[in-house]
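Values in this text are rule-based calculations from the coordinates and carry no lab data. Just so it is clear, the model here is predicted, and its values are computed rather than measured. Every residue, glycine as well, gets a Cβ built from its backbone with ideal geometry; the counts of neighbours run over all protein chains shown.
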Amino acid sequence: MTFTEKFDSFVCEGDSIACEADGFEIAARVVRDDCPDAPDKRQDGFWPSEYIGDPGFIGPGPNWRQRLAESRAEAEAIMAAWRNDEWFYCGVVLSVSREGVTLAGHAASLWGVEANYPGSDNSYLTEVANELLPEALDAARAALARLCAGHPLTEARG
């Protein structure tokens, strides 16, 4: 069970992919993360450092000054792209339905995922959707069981 459809290399909020598994229709959609924090506030060690106690420490070794300069330039480019709204943090949210009835509109999700990140093809979004699929199916089965509980035809089968 996996999503065979893939997210595009450029996504917008609301873009989705879909698949079928175990008689359920599952949709994975991109939802903009509502946390406004910049990447350097979300990620400890975002800014490369030459100081050994810092989270972004660029360790000793050959060409460490060059590696530090390159890493800083990359971090600056990532921040500039984020400030220009070229990429954003999102959630990958799975919903599950059966025969046109939504059983779980938010069956599973992962938040703080980078969408349109510089140098990325967004394949990670599809990987996340596939990793969430078992959790979404469990939520769908539980929702279906709740719907069927107490139904006269279900009770008659005993």
Relative contact order (%) - the chain, alpha-carbon pairs under 8 angstrom, separation at least six
24
Specify the angular offset, from 0 to 90 degrees and rounded to the nearest 10, of the alpha carbon long axis of helix 123-148 from the longest principal axis of the alpha carbons in the chain.
30
Please report the antiparallel percentage of DSSP beta bridges with both residues in the chain, rounded to the nearest 5.
95
In cubic angstrom per residue, the convex hull of the stretch 73-131 built on its Cα atoms measures 96
Taking K and R as +1 and D and E as -1, what net charge do the other residues with C-beta under 12 Å from the C-beta of Pro48 add up to?
-3
With label points set 7 Å from each Cα along the Cα-to-Cβ direction at Cys148 and Phe10, the distance between them in nm comes to 4.6
Work out the FRET efficiency for Phe57 and Ala77 from their Cβ-Cβ distance, taking R0 = 22 Å, and round it to the nearest 0.05.
0.60
Extend 7 Å from the Cα of Gln43 along its Cα-to-C-beta direction; within the stretch 100-118, residues with backbone N under 13 Å of that point are 112-118
Bin by bin, in steps of 10 Å, what percent of the Cα pairs in the chain do you find, going until the bin that has the longest distance?
10, 29, 24, 18, 11, 5, 2, 0
Sorted by average packing, counted as other Cβ atoms within 10 angstrom per residue and highest first, what order do 97-109, 23-35 take?
23-35, 97-109
